[in-house]
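Data first, discussion second: the structure below is written as C-alpha cells.
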C-alpha cells in the first residue's frame, strides 16, 4: 500500500505511445517529419562558419539543443525535432568538419566543446536542455563541465565516456581520402551506419542524401576526412572522464539501445553510478546504437516522457 501511495504522489506524466505522431506507420511518420524541415542558419565562431538547423517552436518556448554523433550531421534529428518543436525551440548544430559547418586544419574534442558553447551563446538559449547522441552525448557531458550555467539538463543517448581501463579506440587507422562517386544515388545505395546495424531504408536514404553534396563532376560526403585524425582519447592519460564529472549539478538522463556495442549495459550502469544526478539507464528493447535513425519513434516516446517530467 505504501508503494502504491508513493506512486500516486509522484505525479509522473506518462506520454502515451498512441499520441500523435506515434500512432502512424513509420513511412507516414517520416514523411510528416520531413514536411516540417528545420530552418538552415549559420554564423562565424571558433574560427569557422558553424551551421545549425532551427525549428522555432511556439513563441517563448523553452529551448532544446540536439547534438549529433561522430561523422554525422544535424539532419540525424530530422525525424524527431519537428515533434519536439511542438513545445520547444529546437536547435541542432553541425560540429566543425561535419555536415554543413566549416572545416579546420586540425580537430579536437575541446574544439567541439567550444562550438557547443558558441551555439548556445549565439542563439541565446541558455540555460537549455541538451540531448546528445553518441559522440554528441560524450561531448555534451564535457560541455556541461565547461559551461554548467548554460545547460540545465542533459540527456545522453547511447553514449559512453572513457577511462584508463576502457579507452576509446582511435579512428586514425580508418583514414583514407574520401571516395568520389559518379552520382548521389550511388552514394545512397552504398551508405551504411558505423557500427553497421539495421535501419529502415527510407531513413538511411535521407541521411545519405543530407550527408552528401556535389563537388565538380562527382559526389562526395560532406564530412572532412581529417576528422578521423581527431584524438578521441590518449592511452597514457590517467583521467577517468565519468569519475571526473561526479560533481555535475544538472540532472542527467541516460538512454541506450539493448544491443548497442557502444553504450553497453555495463558502461551505462557505471556512468549512472558515478554521476549522482543521473537516473537509471533507460533501455530501448530490440534496438542498436543509431537510435535517432533506426528507432526514432521509440526514442521520441522516451524523450517526450522524460521532458514532461522535470527533475
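Each value in this text was obtained by applying a stated rule to the coordinates, not by laboratory testing. Keep in mind the model is a prediction, meaning the values are calculated, not measured.
The table that follows gives values for the structure above.
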{"read-out": "Between segment 30-78 and segment 154-209, the alpha-carbon center distance in angstrom", "value": "19 Å"}
{"read-out": "Max mean-square fluctuation residue, GNM over the chain, Cα-Cα springs under 10 Å, options 83, 175, 55", "value": "175"}
{"read-out": "Whole-Å semi-axes of segment 160-206's equivalent ellipsoid (Cα gyration tensor)", "value": "29, 17, 6"}
{"read-out": "Hydrodynamic radius of segment 16-307 per Kirkwood, over alpha carbon pairs, in Å", "value": "19.2 Å"}
{"read-out": "Rh (Kirkwood; distinct C-alpha pairs) - segment 138-239, Å", "value": "16.7 Å"}
{"read-out": "Max mean-square fluctuation residue, GNM over the chain, Cα-Cα springs under 10 Å, options 78, 217, 166", "value": "217"}
{"read-out": "Candidates 196, 115, 241, ranked by Gaussian network fluctuation over the chain, Cα under 10 Å, top entry", "value": "196"}
